1. Please enumerate the residues belonging to the stretch 720-741 that are open to solvent by less than 40 Å² (accessible area, probe 1.4 Å) and of a type in the set (A, V, I, L, M, F, W, C).
2. Take the residues in the stretch 209-222 that are touching a helix residue (DSSP H, G or I) at 6+ places or on another chain (Cβ under 7 Å) and either of a type in the set (A, V, I, L, M) or open to solvent by 10 Å² or more (accessible area, probe 1.4 Å) (or both), then tell me which one is farthest from D628 (Cα to Cα).
3. Give all pairs with beta carbons closer than 8 Å in which a residue from the stretch 594-611 that is aromatic (F, W, Y) meets a residue that is in a strand (DSSP E or B) and open to solvent by 20 Å² or more (accessible area, probe 1.4 Å); count only pairs at least 6 apart in sequence or on separate chains.
4. I need a count of the residues in the stretch 651-667 that are of a type in the set (G, A, S) and part of a strand (DSSP E or B).
5. I'm told P848 meets every condition in (1) in contact (Cβ under 8 Å) with a residue 60 or more places away in the chain; (2) surrounded by fewer than 18 Cβ atoms within 10 Å (Cβ to Cβ); (3) in a loop (DSSP other than H, G, I, E, B); (4) of a type outside the set (K, R) except one. Can you identify the failing condition by its number?
6. For S666, state whether it is farther than 27 Å from V253 by Cα, surrounded by fewer than 22 Cβ atoms within 10 Å (Cβ to Cβ) and out of contact with any Ser or Thr (no Cβ under 9 Å at 6 or more places or on another chain).
7. Return the total of residues in the stretch 513-536 being open to solvent by 10 Å² or more (accessible area, probe 1.4 Å) and among the aromatic types (F, W, Y).
8. Collect the residues in the stretch 789-823 that are in contact with a strand residue (DSSP E or B) (Cβ under 8 Å, 6 or more places away or on another chain), open to solvent by less than 20 Å² (accessible area, probe 1.4 Å) and within 12 Å of L906 (Cα to Cα), keeping them in residue-number order.
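The values are calculated or read from the model by the stated rules, or taken from the named source; none is laboratory data. Values in this document were obtained by computation on a predicted structure and should not be read as measured data. A quick note on method: Cβ atoms are made from the backbone with ideal geometry, for glycine too, and the neighbour counts reach across all protein chains shown. Calculation scope for accessible area: heavy atoms of the full protein, side chains included, ligands and nucleic acids excluded. Shrake-Rupley method; radii C 1.70, N 1.55, O 1.52, S 1.80 Å.
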Amino acid sequence: MASPAQQLPPGWDSQWDAANQRHLFIETATGRTQWELPMQGPSAPIDAHAPSISPAPAAHGKRRQYAAGQTQAYYGAGEGFADPGYSAPGLQQPPQPTGQLFTPGLATDHQFAQQQQQPPQGQYFAPQQEPQYINAPGFGQEPVYHPPSAPVNALADQFSQMGMAGQKPLQLYTTNLLTSPPDPRELAQSPPEIRLPPNSAVTNSPFANADPSYQRSTLNAVPTTSSLLNKAKIPLGLVITPYRTLKEGEQPVPVVTDTVIARCRRCRTYINPYVQFIDGGNRWRCCMCNMSNEVPQLFDWDQLRNQPGDRWGRDELNHSVVEFVAPTEYMVRPPQPAVYVFLIDVSHTAVQSGMLATATRTILENLDRIPNEDGRTKVAIVAYDVALYFFSMPPGSSESTMLVVSDVDDVFLPKPTDLLVNMAESRASLEALLGRINEMFQDNHTVGSAMGPALQAGFKLMTPIGGKIIVLSSTLPSIGVGALKNREDPKILGTSKESGLLQAASPFYKSFAIDCSRAQVSIDMFLFSAAYQDVASLACLPHYTSGQTYFYPAFNAARSEDAIKFAHEFGEVLAMPIMLEAIMRIRASKGLRVASFHGNFFVRSTDLLAMPAVPTDQSYAIEVQIEDTLTAPFVVLQTAVLHTTCYGERRIRVITLALPTTSSLSEVFASADQVAIATLLANKAVERSLTHKLEDSRDAVFQKVVDILTSYKSSMTAAGAGASAQLAISENLKMLPVLILGLLKNVGIRQSAQIPPDLRAYAQALLTSLPSQTLIPYIHPNFYSLHNMPPEAGTVSESGIIMPPLLPLTSERLERHGLFLIEDGQNIFLWVGRDAVPQLIMDVFNLPNYEVLRGGKTTLPILDNPFSQRVNAIVQKTREMRRGVYHPHLYIVKEDGEPPLRLWALSCLIQDRADVLPSYQQFITQLKDKVNGSNNY
């Protein structure tokens, strides 16, 4: 057969591309390139070298059948299952799965009849059609999955483009939300592909663009004009997690150690894979502002070997995420040591709840995990109730002295030295003190908290250096500056005045936090009160100082689950490598402007974010505006964070993201990242609830979804501006409505008169600081059936514990004889059906039957049977599979158990109707009515 080069029409040439192992075709008149063979006419030959496309295989080689009578359930031993001991008396045949995904009585008659008869390939329905997914629920893992509405030939066409024809636009697939139920597996998919023009990067490194876990955009193709962006109604923004933890098997961020840092002279952009080298390689052109810059002399020199180096091997030209060791001109002062000041509540409440004992024991046990590689880390401990208790720990001694300051109106340091000590030099006295503090205060009956004065004392201790204040508080601050009153009023809850309870009650907390930010002091809050603690006011401190809030309502260390959760999370925070005295700046290509910021930091100037200490896995959301028409084929957004490592090295972490530009509205929709959009809208919703009202916040989020759907209907469907029986959206945005419904039902902004202000304020703190990987399950929980899970679920594979298939979030999937797991990253619920057979209860809980099982917070026993071990493995994987320090509590929820616990667990099933909140079916019906009646938006 003739080679492709011999089949070319006039005006075309070809060359072999070794990297992609195929011919690249070049139009000689224009220089335009493409992978497809140019057409000669109606019967043009096909490129013999193009890869053949065949229909994709099923998601897993072995496909399980879940037909009636063959289900591995505790109500019967089906064909091919090993254990016949789980049969329930009186159940002759297991109930048939219905296939319907919505709350009973709310879907229209026969709405799903056609789907039930012939479900599209890959779509999520009753268990008998369920393919086995390996590690489906982990964020960022990619199970094999195909869009249900894509026919095989379109799918083949899509696959043929992937990673090849960079200039070919993304294909747009439309889905009807009314007949296409949410598929929770889609949230584990990668964002839409970023298709840059060929040769956009100077190297062909696969790491040239930012991994979504570091930086992801709401749109992976940027509109060329603001009018096109406004027409799509999708917000343009970035979700940034600059310091995410590394999971096993992930590559660390490469470090450039030679202190040769090439930056644009005009816009100060750092050299990256998207610059151009010109003038024989002696100069480089900035990808942001097109300025021509000289290449530094040492850029091509290997300082380690003292010989010429390979420019194309440099990390900053091959990696989108890179860290530079900063030379001295990036330092205002020598790198600071890591400093930790612990402010520990020792009032009667703190002692009685066991918080004091647990906290001091956890610090003692984790002293070796506190970052101290350079031996410079400093520590101070200040205890407080209505007075302040300082501890002098002289180096080389095992003795410590307590100094009491009872004047909390004019805080002073009782001693100039030995209060803030080198952790290594004063290790003996520090250990002895931590072992004794609980005994010192065990008979303390003082009620009251001088937290404000304690904060001032901690600030005085560390102002010259900066660092981290860790506050542990069991009660409402009541003495001295920052004293607060109980303002929890049940009559206000659910009214327009409720948002006032979510704002700081005292100006001290914001002004003090800003003083801390200037002095490079960050604050973490650990809050334990059983009564009202005004989390909204206290969370201001971490919010403006780039810290984090942790909340343990009604903490009681006598319950081992409470003690273990706090000790685990506190220990992880202590061991966390922190980035000190950091500033972050986001730069964007000409024509783009960074408009607003959301997250825990203080905006020092229009584009400079001050972050005294950056914890790992904290996320930030940035909105971007299009100011001028974008003429370049792609744009670049670069985040740079200058910081001091906790072992005393000044570094710059640079994260670069390149995105193609487009003038096509269909490509804008096809490139939209529903996870990033939901993350950005969660941040905006919280901010609006504080500046306006909670109701305004909910309305704004709902209206944003209506606007996106209206724009899609009028621009992308045949219905145009008229009424339509469908509710159309692009396939890649299919989960956005259910994510928004989950956000509207989240404790942070949910419409309810029953949510205590502390719980709401804490939920809002999570919504504005969690990375997408943790935030998405927080608003869209995971739901698994355990009693009939595939036999490989809960066992170990090469990629870790295999999780069961995900279920849609509706109580229709609950079965009376079943065992189910629901989790949102903060809590895990084990739902036990009232007809669960005794063998199931014995195998999981080591109890004779359902009646003796108690609901509530628990620790599962690990029993000597395979099912117990599999369930425990799934619970363990649930606690470990995401980035972050959180250790979710496990609750047993009995189907006929305590109503509050049942309602709490059921509130995670967001597709059901709850209280005044709509079911998913009602929600999309509301959206459809709004879209058909909102043609003027």
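1. L727, A728, I729, L733, M735, L736, V738, L739, I740, L741
2. Among residues in the stretch 209-222 that are touching a helix residue (DSSP H, G or I) at 6+ places or on another chain (Cβ under 7 Å) and either of a type in the set (A, V, I, L, M) or open to solvent by 10 Å² or more (accessible area, probe 1.4 Å) (or both), the one farthest from D628 (Cα to Cα) is S213.
3. F597/V603; F597/E623
4. Here is the first cut: in the stretch 651-667, the residues of a type in the set (G, A, S) are 658, 663-664, 666.
Next cut, part of a strand (DSSP E or B) only: 658.
Number of matching residues: 1.
5. Answer for P848: the failing condition is (1).
6. Details: farther than 27 Å from V253 by Cα: yes; surrounded by fewer than 22 Cβ atoms within 10 Å (Cβ to Cβ): yes; out of contact with any Ser or Thr (no Cβ under 9 Å at 6 or more places or on another chain): no.
No.
7. 1
8. L809, F820, L821, I822, E823
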